[in-house]
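The values are calculated or read from the model by the stated rules, or taken from the named source; none is laboratory data. In this text, all values refer to a predicted model and were calculated from it rather than measured experimentally. Ideal geometry is used to build each Cβ from the backbone, glycine not excepted, and the neighbour counts take in all protein chains shown. In case anyone asks, the SASA skips ligands and DNA or RNA and just uses the protein heavy atoms, side chains included. Shrake-Rupley method; radii C 1.70, N 1.55, O 1.52, S 1.80 Å.
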Amino acid sequence: MSSVEKQAGDWLGARLTRKEDLRLVTGQGRYLADLVLPGMLHALFVRSEYAHARIKSIDASEALALPGVVAVYTGADIKDSVKPMPQSVVLPNLPARYPTFWPLATDKVKFHGEPVALIVARDKYVAEDAAELVYVDYEELPVILDPERALAADSPLVHEEDGSNEIFAMTLTGGETPEGQAENAAEVEKIFQAADVVVSERFRVHRTGITPMEPRGVLCDWNDADGLTAWITTQRPHIDRLALIDILDIPGEQVRVIAPRDQGGGFGVKAPFYRENIMIAYAARALKRPVRWVESRYESLMNVGQERDQINDLEIAASKDGKLLAVRNHGLADNGVGTTGVYWGFVMPFLGAVELPNAYTWERGDVRLRVATTNKASLTPSRAFGHFPTRFALERAIDMVAHRIGMEPAELRRRNLVPSLPYTSVTNEYYDSGDFLRVWDNLLERADLPAFRAEQAAARKQGRHLGIGFACGVELSGVASELLVPMENQPGYGAATVRLDPRGKVMVFGGDAPGGQGHETTTAQVVASLFGIDPKDVVVTTGDTGTTPFGAGSIGARAGSYFVSAVANACQELQDKITRILAHDLQIEASRQHFEFKDGEVVYLGDSSKRKTFRDIVERIIMHPINMPEGEVGGLEWTAFFEAAKPMICFNADCCIVEVDVDSGNFEIRRWVTSEDVGTLINPNIVDGQMHGAIVQGLSNAMFEEFVYDEQGQQLSADFEHYKLATAADVPDIEITYAPTPCPHTPLGTRGIGEGRPSSVPGALTNAVCDALAPFGVELTELPLRPDRVWRALQAARGERR
Amino acid sequence: MKTISVTVNGSVFEEDVPERLLLVDFLRDRLALTGTHVGCTHEGVCGACTVHLDGEAVKSCMMLAVQADGHAVTTVEGLARDDRLSALQEAFARHHGLQCGYCTPGILMNMTDFLTGNPDPSEDEIRHGLIGNLCRCTGYVHIVRAVKDAARVLRENTGGAR
Ligand code: FES
Ligand code: FES
């Protein structure tokens with residue numbers, strides 16, 4: 001046991017009320033749209049009305065003449081002074097056809113909603129008036145909307161210079177070479193040929209994602225001496241800073257990016273580097289005035305948060321006694337246009353394919369992916385990054401195997417869960433630690449499957465249809481450099497600066513940028529435990545590139561894994577220094593392990609009369625650095641980094657119980673139970689909240705939300721009337737149980753949690769509905785799962801039976 | 001332009017406003033009461049902009065500032081009295097009823113009104129009462145608990161009557 005762990009006091013695991021809440025419940029949060037600078041101008045994007053059209057001309061003269069309008073920019077105006085994307089900082093190390101584009105469309109528009117012009121005005125109402133006066137003459141082009149047809153040789157092209165609509169394709173199994181992959185595929189085929197049971201289905205998941213309640217926004221301020229200060233709704237301010245430097249050719253010392261302290265959710269949507277950021281910075285520099293853009297919900301729904309959208313042709317080979325043998329999946333993702341930095345659309349389905357095998361011990365796998373460019377908004381990251389569709393497909397197919405061999409699906413899963421870790425999956429994903437069986441058994445115990453089966457049988461006799469569904473999920477706990485460098489060309493390590501103040505307070509600085517996950521509180525709990533002080537004496541600053549160490553961003557559940565581990569490492573260094581100097585002052589031979597930091601004091605364990613208050617020793621070292629030990633200087637501030645040698649994971653399992661009305665297809669979720677391995681819990685309230693939110697997001701995606709395009713590529717779902725999010729009345733209460741295994745690779749045993757969590761939800765839900773409909777033999781393979789789909793499946797099944 | 005007189009959180013404001021100015025923009029941009037948020041494009045669905053007009057919850061993105069002329073508006077900034085949080089505000093913190101906090105002011109305003117009319121609501125009634133407020137972070141579980149607990153506290157404070 002490391003001494004950090006030993007000294008971690010009572011604050012770890014405490015259900016502490018959040019430090020963030022007082023300002024947020026009183027309306028004193030400071031979100032992007034609340035920030036105002038003197039002389040600030042308002043920006044508004046004019047966006048394409050067509051999905052695919054050539055821009056013949058743009059006439060902005062009337063708009064410019066409107067009193068209050070300061071500037072109007074079009075693609076032609078900026079093309080020569082702004083570098084096009086891609087730039088290396090936002091370019092993954094994955095081979096793909098990366099489209100070239102400028103922040104405003106130049107020759108063509110490629111999706112409904114693409115920015116065509118930027119209006120800058122003194123008043124946002126005037127900017128809206130001006131938008132009506134920008135006349136764009138378009139020549140319509142054939143629209144490419146179907147990913148399968150987009151890949152046909154004779155398809156028109158979205159990005160003509162690329163010569164193909166296939167932005168990315170990869171075989172994830174069988175090694176790097178085509179020969180190795182072919183050999184592997186042949187081995188997999190042999191297993192399929194010999195298997196007792198083969199399930200082979202096409203699974204579809206529609207276009208949906210995690211739309212945060214706060215849309216995007218940017219506020220840029222420029223002066224010729226200091227350069228650019230940009231406030232951006234972002235999860236990764238340090239990456240945005242580098243991108244702005246490269247694209248606008250501003251010297252690095254002149255760019256500071258600040259993510260507002262309060263952000264109204266991110267969920268991946270605020271992780272890419274967006275073209276709008278470039279334009280607002282450009283306008284502020286050109287006009288030497290602060291310029292702010294606040295995205296409308298309409299723009300947001302047309303541009304970001306669109307994810308999932310995959311077809312997975314999935315096959316499983318299994319033995320009749322319930323051994324899962326091989327998995328074969330040919331995925332096809334609808335990338336949309338792909339013009340967003342860092343992710344380009346396809347990075348999500350790429351990771352979705354990597355994560356496909358989940359927690360099961362396959363002998364072999366053959367996993368391939370193709371990604372097609374279309375005239376839709378680009379896929380942008382959404383919590384459960386890429387693997388919401390692949391996990392739905394796999395978890396559904398496993399139930400279908402169970403039905404075929406007549407085994408309880410929960411039992412089939414249990415028999416095939418990876419029994420001990422570490423383990424490397426057939427797609428070469430490394431699972432570092434945990435105890436899947438313990439998590440699973442904990443779920444089963446809470447769900448009480450035998451009692452449910454009895455209740456189900458009794459209900460069936462009365463003509464009522466209850467069903468139970470299970471699914472589980474291996475999720476990334478942070479993203480190691482080993483994965484993030486190839487995937488996003490960025491490092492994964494965590495970084496934190498811990499600064500002690502002469503009054504015994506602690507300031508922590510982190511370069512990630514949270515949006516509601518409670519980092520101020522959890523970090524304070526970690527620091528308070530290690531220093532034996534009160535969390536209220538800890539202040540956490542995030543997201544300002546001017547004051548924080550480089551951080552890869554609030555992505556992929558990095559806080560509980562990478563960030564707090566860096567904080568713990570920094571605290572440990574400071575404890576070392578404090579105890580070295582204290583031992584010297586007390587004239588004893590001792591080091592950190594001989595001291596305890598507790599209740600505001602640092603106490604020598606060998607003789608508890610030898611002690612000093614935390615504040616006094618800190619003040620002594622910072623303010624009175626005389627009579628120091630040999631070679632020691634004053635001051636107490638440390639920046640530490642954390643990187644695990646290998647990627648780390650967390651694990652969860654879901655159980656859903658539904659009742660289906662077989663006459664209407666309506667279904668009601670009667671119970672939702674989960675079992676979680678989140679490692680050492682820092683604040684169970686916050687972890688509970690992460691799980692609740694993620695599960696309901698998964699349900700909302702699976703049952704309600706859907707981005708809809710008509711045959712012209714017009715977006716029909718650009719408001720909350722049409723893009724329906726789950727309301728409180730639509731979703732159940734959630735029972736959470738924990739079966740945690742401390743992570744052996746982090747200093748406190750914590751795991752990063754929450755990011756991938758929605759992915760097991762659609763499988764559990766749909767499995768429950770199919771279980772309820774087992775007497776009819778209904779097997780659903782498509783989302784969204786709505787009563788009309790259930791009803792149609794029932795009709796079809798009844799028709800077949802007649 | 002029209003001159004309006006609106007009482008906001010107890011103070012009277014007399015302002016010249018364009019007829020088309022939305023109440024939410026009047027509150028946020030003119031009075032700098034930025035606790036009232038905007039979550040949808042003035043379609044009245046998300047509820048982030050909810051305030052009280054003469055004590056009743058309304059969506060301030062669906063109203064013009066001129067329509068508030070002569071009325072009393074309360075925003076989230078006016079919920080705490082003499083630096084004491086309301087029972088609902090306290091319950092939201094205690095039960096972790098908020099994550100990013102973007103939806104929270106609107107939910108607090110709506111539920112404050114709701115509890116006045118229904119001091120002892122069931123979970124189902126609370127969930128239906130929340131239909132006009134979207135929250136993306138919490139899954140609503142802790143929100144429902146917070147409202148229920150605030151109702152209990154309020155009932156105890158008023159002697160359990162009603
Ligand atoms: S902003 Fe008023 S209801 Fe959404
Ligand atoms: S707490 Fe983030 S939207 Fe409700």
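A few remarks follow.
- Dipole magnitude for region A:73-133: about 380 debye, using +1 per Lys or Arg Cβ and -1 per Asp or Glu Cβ, origin at the Cα centre.
- Along chain B, longest interval not containing exposed GluC sites (Glu not before Pro), exposed being DSSP loop plus at most 16 other Cβ atoms within 10 Å: B:44-162
- Region A:734-772 and region A:619-677 have Cα centres separated by 13 Å.
- Accessible area (Å², per residue) of region A:702-765, counting only protein heavy atoms and a probe of 1.4 Å: 29
- Over chain A - Rg/Rh using Cα atoms and the Kirkwood inverse-distance radius: 0.99
- For region B:87-157, a crude dipole built from +1 on the beta carbon of Lys and Arg and -1 on the beta carbon of Asp and Glu, taken about the Cα centre, is about 220 debye to the nearest 20.
- Computed [θ] at 222 nm, deg cm²/dmol, the protein assembly as shown (DSSP H ≥ 4; -39,500 (n - 2.57); rounded to nearest 500): -9000 deg cm²/dmol
- Mean-position separation - Cα centroids, region A:365-439 and region B:80-133, in angstrom: 38
- Label-reachable residues, region A:370-407, where backbone N falls under 12 Å from a point 7 Å from A:Lys320's Cα toward its Cβ: A:405-406
- Of the solvent-accessible surface of region B:87-157, computed with a 1.4 Å probe over protein heavy atoms with every protein chain present, carbon and sulfur atoms account for 50 percent.
- Percent accessible area from carbon and sulfur atoms, region A:108-188, protein chains only, probe 1.4 Å: 47
- For region A:556-570, the Karplus equation 6.51 cos²θ - 1.76 cosθ + 1.60, evaluated at θ = phi - 60°, returns couplings of x, 6, 8, 5, x, 9, 8, 5, 5, 5, 5, 4, 4, 4, 5 Hz by residue, with Gly and Pro reported as x.
- Of B:Leu33, B:Ala72, B:Pro18, farthest towards positive along the dipole that unit charges on Lys, Arg, Asp, Glu beta carbons give region B:2-78: B:Leu33
- Cα centroid separation - region B:12-46 against region A:127-197, whole Å: 45
- Between amide H atoms placed 1.01 Å from N, distances below 5 Å from A:Ile250 occur with no residue 5 or more places distant or on a separate chain.
- Average accessible area per residue (Å²) across region B:113-156 - probe 1.4 Å, nucleic acids and ligands excluded: 37
- Accessible area ranking (1.4 Å probe, heavy atoms, ligands and nucleic acids excluded), largest first, for A:Arg30, A:Arg499: A:Arg30, A:Arg499.
- Stretched out straight at 0.36 nm per residue, the stretch from A:Ser664 to A:Arg503 would grow longer than its current Cα-Cα span by 51.3 nm.
- Relative contact order of region B:87-157: 53 percent, from C-alpha pairs under 8 Å at least 6 residues apart in sequence.
- Residues of region A:670-693 that bury at least 20 Å² of accessible area when the other protein chains are present, relative to the chain alone (probe 1.4 Å, heavy atoms, ligands and nucleic acids excluded): A:Asn685, A:Gly689, A:His692, A:Gly693.
- Shielded by partner chains, region A:209-244 residues - at least 40 Å² of accessible area, 1.4 Å probe, vs chain alone: A:Met213
- A versus B: buried accessible surface, summed, Å² (probe 1.4 Å, to nearest 100): 4100
- 5 angstrom amide H check on A:Ala739, placed H, neighbours 5+ away: A:Glu676, A:Asp677, A:Val678
- In Hz, Karplus ³J(HN,Hα) per residue of region A:500-515 (6.51, -1.76, 1.60; θ = phi - 60°; x = Gly, Pro): 8, 10, x, 8, x, 9, 10, 10, 10, 10, x, x, 7, 9, x, x
- Accessible-area rank, largest first, for A:Glu139, A:Glu711: A:Glu711, A:Glu139, with all protein chains present and a 1.4 angstrom probe.
- Förster-model FRET efficiency, 56 Å R0, A:Glu721 and A:Val633, C-beta, rounded to 0.05: 0.30
- Net lengthening on full extension, A:Asp607/A:Arg453 (0.36 nm per residue, minus Cα-Cα): 49.3 nm
- Residues in region B:68-96 occluded by at least 40 Å² - accessible area, probe radius 1.4 Å, against chain by itself: B:Leu85, B:Ala93, B:His96
- Working note: Karplus 6.51/-1.76/1.60 with θ = phi - 60° gives region A:301-317 the couplings 5, 7, 10, 9, x, 8, 9, 6, 6, 10, 10, 10, 8, 10, 10, 10, 9 Hz, where Gly and Pro are set to x.
- Sites A:Lys536 and A:Leu64 - FRET efficiency at Förster radius 41 Å, r taken between beta-carbons, to 0.05: 0.15
- Set of lysines near A:Lys323 by C-alpha distance (under 20 Å), chain-local residues within fewer than 8 positions excluded: A:Lys190
- Working from label points 7 Å from Cα in the Cα-to-Cβ sense, the A:Gln28 to B:Met1 distance is 3.5 nm.
- Accessible surface of A:His584 - all protein chains present, 1.4 Å probe, nearest 10 Å²: 80
- Residue-span extension gain [A:Arg415 to A:Asp226] - 0.36 nm each, minus C-alpha spacing: 61.8 nm
- Database remark: amide H of A:Leu716 closer than 5 angstrom to the amide H of A:Val708, A:Tyr709, A:Asp710 (H placed geometrically; neighbours at sequence offset of 5 or more, or on other chains; Pro and chain starts carry no H).
- Distance between the pseudo-spin-label points of A:Asp146 and A:Leu91 (7 Å out from Cα toward the beta carbon): 3.5 nm.
- B:Arg30 paired with B:Ser11, simple spin-label distance in nm, labels 7 Å along Cα-to-beta-carbon: 1.4
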